[in-house]
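Trainee: Shown below is the structure under consideration.
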Amino acid sequence: MSLRSFVALERPRLVDRKLLTRPQHEGFGAVVRRSIGRYELKYFDPFLVLDEFFVTAPAGFPDHPHRGFETVTYMLQGAMTHEDFQGHKGTIGAGDLQWMTAGKGIVHSEMPASHGTQHGLQLWINLSSKHKMIEPRYQEVHNNDVVEAKKDGVKVRVIAGEAMGAQSPIYTKTPTMYLDFTLDPGSHIEQPIPVGWNAFVYVLEGEDGVFGSMKSMPIASHHIVLLGNGDGLEAWNKSSSEALRFILVGGEPLNESVVQMGPFVMNTEEEIDQTIEDFENCTNGFERAKHWSSQA
Ligand code: FE
């Protein structure tokens, strides 16, 4: 346990901005509520995209590449099968986590593995210029192994970082925290966040979450809440009957130029041109793309 979790916040972060997400089409027939990565919020350094996705077969995300960042898939309901050009294949179900470092190149598919709606979150975390071309890597944590803590009507699942004395085993190239909080009616949290990191909340369930200051207005589900600077977050569930579930994500800003073309994120136009060339020619990390297509 770290001492920090017992220290009261001196400078709680306040709500800087909130945005309601709306369903939009993405991939092949999938529906996403995109918060980061949409027109009004292109980039929240180091976060490139946050999607709450809803996928029903035969919709999905067929074969596509990535370079220069990490994708974090956290399943809430249903299951998705992923398959990549290195022969890495698996299915992640409710509560499971896949932390994929695309680095210099991954080509993969992400498709529904069960009936009904597959529901989850996908976060894209940018990699610094010195890490963009590293070897691809996966870290997977099954539902039962996700570290949890419970106290005073609050449950936290620690995807990355540390909360309420519990620590995630996930190693983050770009320093990141990712917490899944559920607050019973009437409960409250105080969660430290490193000063200087960019941090946001995305509300999954509950209509009466109050963030930053007890006096602020409740923020309903499907909103992203960008937090101002400070040493942590205070949040309250003001509902008398409904649970409040939200993720709190924070990351150390990279402060580098970002040039993005779809699933390729680099620092300069030249690097993007080179990436397109590498992908087309199956070189520099895309070698295996030459004779590969998914079975999905
Ligand atoms: Fe992908």
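The values are calculated or read from the model by the stated rules, or taken from the named source; none is laboratory data. Note that the coordinates shown come from a computational prediction; the quantities given were computed from them, not determined experimentally. Cβ coordinates were reconstructed from backbone atoms using ideal geometry, including for glycine residues, and neighbour counts include every protein chain displayed. Just the protein is used for accessible areas: all its heavy atoms, side chains included, with ligands, DNA and RNA removed. Shrake-Rupley method; radii C 1.70, N 1.55, O 1.52, S 1.80 Å.
Trainee: Out of everything in region 33-46 that is touching a residue at least 60 places away in the same chain (Cβ under 8 Å) and closer than 23 Å to ILE159 by Cα, what residue ends up being nearest to the ligand (Cβ to nearest atom)? Before you say what the answer is, go through the steps one by one.
Mentor: Step one: list which residues in region 33-46 are touching a residue at least 60 places away in the same chain (Cβ under 8 Å), which gives 33, 35-37, 41, 43-46.
This time we only want the ones that are closer than 23 Å to ILE159 by Cα, so: 33, 35-37, 43-46.
On the way: ARG33: 17, SER35: 18, ILE36: 16, GLY37: 13, TYR43: 18, PHE44: 20, ASP45: 21, PRO46: 18 Å.
Restricting to residues being touching a residue at least 60 places away in the same chain (Cβ under 8 Å) and closer than 23 Å to ILE159 by Cα, the top hit is GLY37.
Trainee: While we're looking at this one, here's another question. Which pairs have Cβ atoms under 9 Å, sit 6 or more apart or on different chains, and link a residue in region 262-276 that is farther than 13 Å from LEU48 by Cβ and more than 16 Å from the ligand (Cβ to nearest atom) to one that is in a strand (DSSP E or B) and open to solvent by 70 Å² or more (accessible area, probe 1.4 Å)?
Mentor: Hits for this filter: ILE272/GLN260; ILE272/MET261; ILE276/MET261.
Trainee: Determine which member of the set GLY120, GLY116, GLY95 is farther than 25 Å from LYS290 by Cβ, surrounded by 17 or more Cβ atoms within 10 Å (Cβ to Cβ) and away from the ligand (no atom under 15 Å from the Cβ). Outline the logic, then answer.
Mentor: Values: GLY120 fails: away from the ligand (no atom under 15 Å from the Cβ); GLY116 fails: surrounded by 17 or more Cβ atoms within 10 Å (Cβ to Cβ).
Result of the check over GLY120, GLY116, GLY95: GLY95.
Trainee: From the list GLY68, GLY78, GLY90, which one is among the small types (Gly, Ala, Ser), away from the ligand (no atom under 16 Å from the Cβ) and open to solvent by less than 40 Å² (accessible area, probe 1.4 Å)?
Mentor: Numbers: GLY68 fails: away from the ligand (no atom under 16 Å from the Cβ); GLY90 fails: away from the ligand (no atom under 16 Å from the Cβ).
None of the other options fit; the residue is GLY78.
Trainee: On the given criteria, is LYS290 away from the ligand (no atom under 16 Å from the Cβ) and at pLDDT below 95? Reasoning before the result, please.
Mentor: Values: away from the ligand (no atom under 16 Å from the Cβ): yes; at pLDDT below 95: yes.
Judged against the criteria, LYS290 is a match.
Trainee: I've got another one for you. List the strands (runs of 3 or more DSSP E) that sit entirely inside region 150-194 and contain at least 1 residues that are under 18 Å from ASP96 (Cβ atoms).
Mentor: Details: elements: 154-160, 176-183, 188-192.
Qualifying strands (runs of 3 or more DSSP E): 154-160, 176-183.
Trainee: Right, PRO62: outside the structural domain of TRP197 (by TED's automatic domain parsing), away from the ligand (no atom under 13 Å from the Cβ) and open to solvent by 20 Å² or more (accessible area, probe 1.4 Å) or not?
Mentor: On the way: outside the structural domain of TRP197 (by TED's automatic domain parsing): yes; away from the ligand (no atom under 13 Å from the Cβ): no; open to solvent by 20 Å² or more (accessible area, probe 1.4 Å): yes.
So PRO62 fails the test.
Trainee: Kindly indicate the residue of region 47-59 that is among the aromatic types (Phe, Trp, Tyr) and away from the ligand (no atom under 12 Å from the Cβ) and also nearest to the chain's Cα centre (by Cα) among those meeting that condition.
Mentor: Here the answer is PHE47.
Trainee: Right, something else. Examine region 237-260 for a residue that is open to solvent by 10 Å² or more (accessible area, probe 1.4 Å) and in contact with a helix residue (DSSP H, G or I) (Cβ under 9 Å, 6 or more places away or on another chain), and state whether such a residue exists.
Mentor: yes
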